[in-house]
1. What is the percent of Cα-Cα separations in region 134-176 that go past 17 Å?
2. Ranked from highest to lowest mean number of other Cβ atoms within 10 Å per residue, what is the order of the peptides 172-184, 88-100?
3. Consider just the alpha-carbon atoms of region 82-170 and return their Rg together with their Dmax, both in angstrom.
4. May I have the extent of the alpha carbons of region 43-114 along their three principal axes, as whole Å values ordered from largest to smallest?
5. Separation of region 71-127 and region 46-70 by C-alpha centroid, Å?
6. Quick check on the chain: of the DSSP beta bridges with both residues there, what percent are antiparallel, nearest 5%?
7. List, largest first, the extents of the alpha carbons of the chain along their principal axes, each in whole Å.
8. Averaging sequence separations of C-alpha pairs under 8 Å and six or more residues apart, then dividing by the length of the chain, give the relative contact order as a whole percent.
Ligand code: PCA
């Protein structure tokens, strides 16, 4: 089974984005069927980069990560909204307001990798986790919605997890817990 992990470049003045650190570390240690893709924090460019890799790789599962700097636990996301509403400019200086991610697409999609089982699996590995019912309306939600929209017609399952800063939950703890979850996904424990 091919699994694609995605993380983001730094944004909002940050120098490191934990989502890319974790995604790339997981892909490095697993290798083979697991690969990682770094996405720009850009409303205009992120989905083009993602879609090119999805076409090339045709992964059965895509697991995406983003930083939620104000959260203190790992939060698998339940839902993606068809809405861009940027509180701050993206890395291109663009700040869309009240526009759809994909015009004419449904108002929302549910993630197709169970956020509930994901959160439970992470807690079992000893990291704090909680299902989130809003991925926000910034670039993370944009990518999650775009991913689920692509998969709705072409197949594959998609999940998104917001990660807290490493000062709150260390790189080692986040990576170890997510690696165990990835093992469950690869062992097809999630009906993929
Ligand atoms: N977090 C932002 C975008 C990139 C990232 O890592 C978000 O939550 O939308």
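Read-outs: derived from the displayed coordinates by stated rules, not from any lab. Predicted model only: the values in this text are computed from it and were never measured. Every residue, glycine among them, receives a Cβ derived from its backbone with ideal geometry; neighbour counts consider all protein chains shown.
1. Cα-Cα pairs in region 134-176 separated by more than 17 Å: 47 percent.
2. Numbers: 172-184: 18.4, 88-100: 13.2.
So the peptides 172-184, 88-100, ranked by packing, come out 172-184, 88-100.
3. Cα radius of gyration and Dmax of region 82-170 are 14.7, 41 Å respectively.
4. 33, 31, 25
5. Centre-to-centre distance over Cα atoms comes out at 12 Å.
6. 25 percent
7. Over the chain, Cα extents along the principal axes are 39, 37, 27 Å.
8. Numbers: 384 pairs, mean separation 53.6, N = 192.
The value is 28 percent.
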